[in-house]
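K.L.:
Here it is: the structure, laid out below.
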Amino acid sequence: MMTKDLLFGIGIGAAVAFMADPRGGRRRRALTRDQLLRVGRKTRDALDATGRDLANRTAGVVAATRGRVMDRDVDDDRLLERVRARLGRACSHPRAIDVEVTDGIVTLRGPILAGEIENVLSAVRAVRGVQSVTNELASHESSEGIPSLQGEGSIADPSLDILQRNWAPATQALVTAGIAATGICIAAYARR
């Protein structure tokens with residue numbers, strides 16, 4: 001116990017001497033002050049971004065829940081936009097597909113790779129407001145010779161935030177809090 005207190009006192013004395021040094025102490029104090037101000041500003045910005053992100057996510061969950069609970073008819077223009085948005089996560093060349101909506105009936109036309117048809121049809125059927133889907137897609141085994149399927153198409157990342165490469169601030173905060181809570185629980189259990 002005595003050695004620990006002695007080392008702690010030596011550490012505090014060295015830090016005070018280092019900061020109070022008449023030659024370089026003023027510069028060191030200024031650097032330390034600037035670093036502390038920067039950390040405070042970065043922390044404030046991160047908390048602000050996390051708060052906005054949580055508020056936006058909460059509003060999105062409320063809107064999605066309200067949309068599922070309330071049984072309203074969706075106009076064709078809104079349904080068209082919902083289907084177009086879903087196509088970006090279901091196939092590699094969503095611009096090649098023409099979408100037509102009439103009274104909740106969605107008609108899909110255009111070239112598509114054969115391996116993506118089932119994924120596209122199930123994704124479109126899952127869109128809220130779609131009554132049925134008419135498949136008039138032209139299936140192709142490869143993109144060779146089809147101009148609208150040329151280029152490196154890619155399917156968008158998963159919509160679940162925790163599966164993405166770059167996490168939103170709210171997800172980062174929740175994961176960090178979860179890791180910290182787990183660490184505290186493990187430490188408390190180990191002390192028993």
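K.L.:
Which one of Ala123, Ala173, Thr58 is farthest out on the positive end of the charge dipole of the chain, using unit charges on Cβ (Lys, Arg +1; Asp, Glu -1) and the Cα centre as origin?
P.N.:
Among Ala123, Ala173, Thr58, the one farthest towards the positive end of the dipole of the chain is Ala173.
K.L.:
Most fluctuating residue of Arg95, Arg26, Arg41 in a GNM of the chain with Cα springs under 10 Å: which is it?
P.N.:
Arg26
K.L.:
To continue, here is another question. If you line up the long axis of helix 76-87 against the longest principal axis of the chain, both from Cα atoms, how many degrees apart are they, to the nearest 10?
P.N.:
On a 0 to 90 degree scale, this one is about 60.
K.L.:
Report relative contact order for the chain in percent, whole number only (criteria: Cα-Cα under 8 Å, sequence separation at least 6). Before the final figure, lay out the partial values.
P.N.:
Working: 166 pairs, mean separation 33.7, N = 192.
The normalised contact order for the chain reaches 18 percent.
K.L.:
Then there is this: By DSSP, what percent of the beta bridges with both residues in the chain are antiparallel, rounded to the nearest 5?
P.N.:
Bridges in the chain that DSSP calls antiparallel: roughly 35 percent.
K.L.:
Could you state the angle between the C-alpha long axis of helix 2-20 and the longest principal axis of the C-alpha atoms of the chain, as a value from 0 to 90 degrees rounded to the nearest 10?
P.N.:
80
K.L.:
Let me check the size of the stretch 2-56 from its C-alpha atoms; what are the radius of gyration and Dmax in Å?
P.N.:
Looking at the stretch 2-56, its Cα Rg and Dmax stand at 18.1, 54 Å.
K.L.:
May I ask you to work out the translational diffusion coefficient for the stretch 76-147 at 25 °C, viscosity 0.890 mPa s, via Stokes-Einstein with Rh from the Kirkwood sum over Cα pairs, reported in whole µm²/s?
P.N.:
On the way: Rh = 12.1 Å.
Diffusion coefficient, whole number: 203 µm²/s.
K.L.:
Follow-up. With springs connecting C-alpha atoms under 10 Å apart, model the chain as a Gaussian network and identify which of Val69, Val124, Val83 has the largest mean-square fluctuation.
P.N.:
Val69
K.L.:
Okay, moving on. What do you get for Rg/Rh of the chain when both radii come from the Cα atoms and Rh is the Kirkwood radius? Provide the component values of the computation, followed by the final result.
P.N.:
Values: Rg = 28.5 Å, Rh = 22.7 Å.
That ratio is 1.26, to two decimals.
K.L.:
Only helical DSSP H runs with n ≥ 4 go in: add -39500 (n - 2.57) per run for the chain, normalise by residue count and round the 222 nm mean residue ellipticity to 500 deg cm²/dmol.
P.N.:
Working: 5 runs with 108 residues, N = 192.
Here the helix-only value at 222 nm equals -19500 deg cm²/dmol.
K.L.:
GNM, the chain, Cα, under 10 Å: largest mean-square fluctuation among Thr107, Thr182, Thr50?
P.N.:
Ranking Thr107, Thr182, Thr50 by mean-square fluctuation puts Thr182 first.
K.L.:
Oh, and also: Taking the Cα atoms only, what angle lies between the long axis of helix 169-191 and the longest principal axis of the chain, rounded to 10 degrees?
P.N.:
Approximately 50 degrees, to the nearest 10.
None of the figures in this text is laboratory data; all of them are computed from the coordinates on show. Just so we're clear, the structure is a prediction, and the values are computed from it rather than from any experiment. Using ideal geometry, Cβ is built from the backbone for each residue, glycine included, and neighbour counts are taken over all protein chains shown.
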